[in-house]
1. What's the local net charge at Tyr94, with K and R +1, D and E -1, over the other residues with C-beta under 15 Å away?
2. Can you compute 3J(HN,Hα) from phi for each residue in the range 64-76, using the Karplus curve 6.51 cos²θ - 1.76 cosθ + 1.60 with θ = phi - 60°, rounded to whole Hz and x for Gly and Pro?
3. Provide Trp113, Trp53, Trp106, Trp36 ordered by accessible surface of protein heavy atoms (probe 1.4 Å), highest first.
4. Whole-Hz Karplus ³J(HN,Hα) for the range 26-36, in order, using 6.51 cos²θ - 1.76 cosθ + 1.60 and θ = phi - 60°, x for Gly and Pro?
5. Leaving out same-chain residues fewer than 8 places away, which lysines sit with a Cα under 17 Å from that of Lys65?
Amino acid sequence: QVQLVESGGGLVQAGGSLRLSCAASGRSLSSYAMGWFRQAPGKEREFVAAISWSGGHTYYADSVKGRFTISRDDAKYTVYLQMNSLKPEDTAIYYCATTNAFPTQWVEGYRDWGQGTQVTVSS
């Protein structure tokens, strides 16, 4: 089991940017494809982005395509989510997770989850 810790969330105005980080505790992530999800109050957890084991392939939800970029640095045991041109509807708790299935947008396809980091976008 992999322990994941997200960070980098916060309050930002619409049009602004944030970079989220997902760090593995003492273990390499190179054996996993990785994904980011988000969950807004009263809504189901939804897929945001995924990255392959090598980092050579990425996959995005239509709602964030062109604005968000997922990347990984396996030397640092970390996966990132760069979020640009943020909108109020991006407000949610953001989670990272491991998977052995790529690409997949289904929550059930992911195994290890972090505790989440809050992103709030004001209008």
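1. Numbers: positive: Arg19, Arg38, Lys43, Arg45, Arg67, Lys87; negative: Glu6, Glu44, Glu46, Glu89, Asp90.
Overall, the nearby charge balance is +1.
2. With the stated coefficients, the range 64-76 comes to 10, 4, x, 10, 10, 9, 9, 8, 9, 10, 5, 5, 9 Hz.
3. Numbers: Trp113 65, Trp53 90, Trp106 160, Trp36 0 Å².
Sorted descending by solvent-accessible area, the residues read Trp106, Trp53, Trp113, Trp36.
4. With the stated coefficients, the range 26-36 comes to x, 8, 5, 9, 5, 7, 10, 7, 10, x, 10 Hz.
5. Once the sequence-local lysines are set aside, what remains near Lys65 is Lys87.
The values are calculated or read from the model by the stated rules, or taken from the named source; none is laboratory data. The structure presented is a predicted model; accordingly, all values stated were derived computationally and were not measured. Methodologically, a virtual Cβ is constructed for each residue, glycine included, from the backbone with ideal geometry; neighbour enumeration extends over all protein chains shown. Accessible surface areas use protein heavy atoms only, side chains included; no ligands, DNA or RNA. Shrake-Rupley method; radii C 1.70, N 1.55, O 1.52, S 1.80 Å.
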